Amino acid sequence: RASRDTMEPKTLIRTDLRVDAIATSGSLVAAGASQLTGRLWSGAVLVSNANGDVASASTTAGVSALACVADGVFVSGDDAGTLTMWSASSGRDDVAVALDRGAAVSRAHDACISSICVVADKSRFVTAGADARVRVWDAERAASRGGEALISAPDACAVNAAAAHPTDANLFATAGDDGAARVWDLRVGAKRWVRERAGPDVRGGVGRAYALAWADARLGEALAVGYESGAIAVLETQETLSLATRGVVEAHADAVRGLAWGGPTVLCLASCGDDGAVATHAGELPVTKKQTPHGDAYARCVAFWENPNDGTGSRLVSGGWDGDVHVIDV
């Protein structure tokens, strides 16, 4: 079921670039963006506090992936396959928001870095790329001096999404152009996935998988997979990672591009897609609430912001190709 209840968005960041990735850390929201000028891509990382004060830094390639690896520390991935570390702070030296570029790893992938996820204890992060590679990095070492990946493993196809298990730092999942969801276990070296789900009830006719999100035990340890068709498959992961299908939600009229499970105060799944809609889904037979804060532009990323410093609790953040990052009460 779907409704068009208004969720009253507030614009936090506004840029002339296309926003493709967002991440949150305490009172800060970071966005990765890109633009095409002639034949050349360029991009930026932007950081805002809850008051809408913004700091930004330009990049030589479009920023396609972003994650928070520690308090105020972000890692970005770009269209050229480069990883870059960033340090952000709010209220330092009378500057509302500060953003500093850190260590970088060029050619971390041989193609666009499509997704970054951070394992539960924040000791490592995982990058997934259009080069059909999955790589695992030591977070502390990468933040200080870049370095080599701890593990580099082939996937079956271009990888579009990665998501970490919410409590087990050894588990993460990937999904990509073949539509299959795969779970990897770092205890066995992560040289190959240990579980795969690609049955017809999951991916028949739904095309590529573009988004992943893994919920914790409060929501049944479910893995949500967003597809090119606009469908979201919800897979069970409690029983020895069997990846049995819990249900399929026909969520969007075009490709699903972002997914996020709510944090401690919000028990729901959020999604966004190329139909421009930002949606929340709650309940076993989910009630879906939608709006289009980015107008006719693609909505490309969503995240829950658990600690905005204005004391209002959990908020939903969305980014789109109109260049805006919006904050939505849920």
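The values are calculated or read from the model by the stated rules, or taken from the named source; none is laboratory data. Keep in mind that this is a model prediction, so the values were computed, not measured. Neighbour counts run over all protein chains shown; Cβ positions are idealised from the backbone, glycine included. Quick note on the areas: whole protein, heavy atoms, side chains included, nothing else; ligands and nucleic acids left out. Shrake-Rupley method; radii C 1.70, N 1.55, O 1.52, S 1.80 Å.
Residues in the range 300-318 that are over 11 Å from the mean Cα position of the chain (by Cα) and modelled with pLDDT of 65 or more were compared, and the one that is surrounded by the most Cβ atoms within 10 Å (Cβ to Cβ) is Val317. Once the range 216-247 is narrowed to residues that are outside any strand (DSSP E or B) and modelled with pLDDT of 90 or more, the residue that is most open to solvent (accessible area, probe 1.4 Å) is Glu228.
So for the range 32-54 (the condition being buried (at least 21 other Cβ atoms within 10 Å of the Cβ), under 15 Å from the mean Cα position of the chain (by Cα) and over 18 Å from Cys112 (Cα atoms)), does at least one residue qualify? No, because not a single residue in the range 32-54 is buried (at least 21 other Cβ atoms within 10 Å of the Cβ), under 15 Å from the mean Cα position of the chain (by Cα) and over 18 Å from Cys112 (Cα atoms).
A single entry from Arg124, Arg145 fulfils the requirement of being within 21 Å of Leu212 (Cα to Cα), in contact (Cβ under 8 Å) with a residue 12 or more places away in the chain and touching a strand residue (DSSP E or B) at 6+ places or on another chain (Cβ under 8 Å): Arg124. If you filter the range 120-154 down to residues that are farther than 19 Å from Ala70 by Cβ and open to solvent by less than 20 Å² (accessible area, probe 1.4 Å), you find that the one that is farthest from the chain's Cα centre (by Cα) is Ala153. Within the group Ala61, Ala88, Ala130, Ala143, which residue is in contact with a His (Cβ under 9 Å, 6 or more places away or on another chain), among the small types (Gly, Ala, Ser) and at negative phi? Within the list Ala61, Ala88, Ala130, Ala143, the selection yields Ala130. Filtering the range 256-269 to residues that are at pLDDT below 95 and not aromatic (Phe, Trp, Tyr) leaves Gly262, Gly263, Pro264, Thr265, Val266, Leu267, Cys268, Leu269.
Restricting the range 177-215 to residues that are open to solvent by 10 Å² or more (accessible area, probe 1.4 Å) and of a type in the set (Phe, Trp, Tyr) leaves a set whose member that is modelled with the lowest pLDDT is Trp193.
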